[in-house]
Amino acid sequence: MQKTMSKFSQPEKVIYVCVGSKCGKRGSKEMCRELKHLIRDSGLKDTVGIVKTECTDRCKFAPVLSVQPANVWLKEYDERDAPRILRIATED
Ligand code: FES
């Protein structure tokens, strides 16, 4: 019997959001939620992905995230930065 495969997505851009303990306490989960809504509402679900990561060893600057492949890192953000982060992710 063959298993049904769920979609294995490979978005062009990925926002890696640290949801380690420190970042989690400082708003990274809210950021994930906000970005998810923005991405969906902008029709970018197949283009921009969100990957939650464990601690990236930058706790002093929590919360942190990175946008790849642009290799832009953001520190001490709050969820109001979500539109700007999405703009960075979709710039070429
Ligand atoms: S918990 Fe995010 S950098 Fe350590």
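The values are calculated or read from the model by the stated rules, or taken from the named source; none is laboratory data. Because the structure is a prediction, the values reported are computed rather than measured. Cβ sites come from the backbone with ideal geometry, for glycine too, and all protein chains shown count toward neighbours.
Odds and ends about this structure:
- The one condition from (1) part of a strand (DSSP E or B); (2) modelled with pLDDT under 95 that LYS3 does not meet is (1).
- Matching option when the condition is farther than 14 Å from VAL17 by Cα and acidic (Asp, Glu), among ASP81, ASP41, ASP57: ASP41
- The set of residues from the range 64-80 being within 16 Å of LYS13 (Cβ to Cβ) and in contact with a strand residue (DSSP E or B) (Cβ under 9 Å, 6 or more places away or on another chain) comprises LEU65, SER66, VAL67, GLN68, PRO69, ALA70, VAL72, TRP73, LEU74.
- Here ILE39 meets each of (1) touching a residue at least 40 places away in the same chain (Cβ under 8 Å); (2) within 16 Å of the ligand (Cβ to nearest atom) with one exception, condition (2).
- Within this structure, VAL19 fails the test of being farther than 17 Å from ASP78 by Cβ, among the aliphatic types (A, V, I, L, M) and in contact (Cβ under 8 Å) with a residue 12 or more places away in the chain.
- Residues located in the range 18-47, provided they are surrounded by fewer than 19 Cβ atoms within 10 Å (Cβ to Cβ) and hydroxyl-bearing (Ser, Thr, Tyr): SER21, SER42, THR47
- Listed by position, the strands (runs of 3 or more DSSP E) enclosed by the range 35-92 that each have at least 2 residues that are of a type in the set (Val, Ile, Thr) are 48-53, 64-68.
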